[in-house]
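Colleague: Mind having a look at this structure? Questions to follow.
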Amino acid sequence: MLFNFILTASLAILSSALFAEARKSKTHDVIVGGAAGLVYTPNQVHAQVGDRVKFHFQFKNHTVTQSSFEYPCDPLKGGFDSGFKPVAMDAKKSPTFTIKVEDEHPIWVHCEQIDHCPSGMVFAVNAPKKGNTFKKFLKMAKESGKDYYHDGGSYRRSDEDAEEDIEEKRSLLSRITGKRDVVEA
């Protein structure tokens with residue numbers, strides 16, 4: 001009898017705690033691209049554990065890809081990625097992508113489309129007000145210079161790497177076509 005009472009009381013407390021948590025959760029809506037340009041609107045939110053962030057894709061072709069503060073324009077290994085979501089200019093309905101905030105740590109996000117991240121298309125959940133701030137994250141993204149994709153992945157490309165790439169392409173195309181200087185620098 002005592003066991004049944006303890007079990008019932010425990011379940012009641014657990015149920016009310018879960019119900020209260022579900023009731024408190026909020027959905028933060030974020031527009032991806034659209035008329036505002038290469039931005040997430042708003043570009044950051046402050047969310048509680050259990051809240052959701054729902055990304056609404058607008059026209060063009062964007063992603064919601066998790067990154068890190070240190071490498072704002074590189075996908076975070078094991079992080080989330082919406083994949084590309086192309087949306088026509090006259091689309092009546094647009095795709096969405098939702099994440100759940102699992103803890104209070106910052107979540108850093110960028111768009112994987114070429115040149116979008118270095119153009120400032122970044123987003124954050126719970127960015128600190130001091131230290132690794134959203135402002136610093138945005139600045140690092142704009143300074144990343146990442147504008148090159150390779151085999152579906154991305155990496156930063158220095159001027160030296162670019163010259164090597166051009167030389168490799170020239171060499172390969174010369175062997176294929178039998179002509180020299182096929183690729184313009």
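Colleague: Grab the Cα-Cα distance for Ile114 and Ala88, subtract it from 0.36 nm times how many residues apart they are, and report the gain in nm with one decimal.
Modeller: Between Ile114 and Ala88, full extension yields 7.6 nm more.
Colleague: Now a separate question. What's the extension gain from Lys100 to Ile31 if we count 0.36 nm per residue and subtract their Cα-Cα distance?
Modeller: Net length gain for the segment: 23.2 nm.
Colleague: Ordered by residue, what ³J(HN,Hα) values in Hz, to whole numbers, does segment 47-54 give under the Karplus form 6.51 cos²θ - 1.76 cosθ + 1.60, where θ = phi - 60° and Gly and Pro are x?
Modeller: Once rounded to whole Hz, the list reads 10, 8, 4, x, 5, 10, 10, 10.
Colleague: Can you list residues whose amide H is under 5 Å from Asp51's amide H, if they're 5+ apart or on another chain and H is modeled 1.01 Å from N?
Modeller: Here Lys26, Val101 satisfy the definition.
Colleague: Shifting gears a bit: In nm, to one decimal, how far is the Lys139 label point from the Phe80 one, both placed 7 Å along Cα→Cβ?
Modeller: Using points 7 Å along Cα→Cβ, the separation is 2.9 nm.
Only the coordinates and a few stated rules stand behind these numbers; no lab work does. All values reported here derive from a predicted model rather than from experimental measurement. Counting neighbours? That spans all protein chains shown, and the Cβs are built from the backbone with ideal geometry, glycine included.
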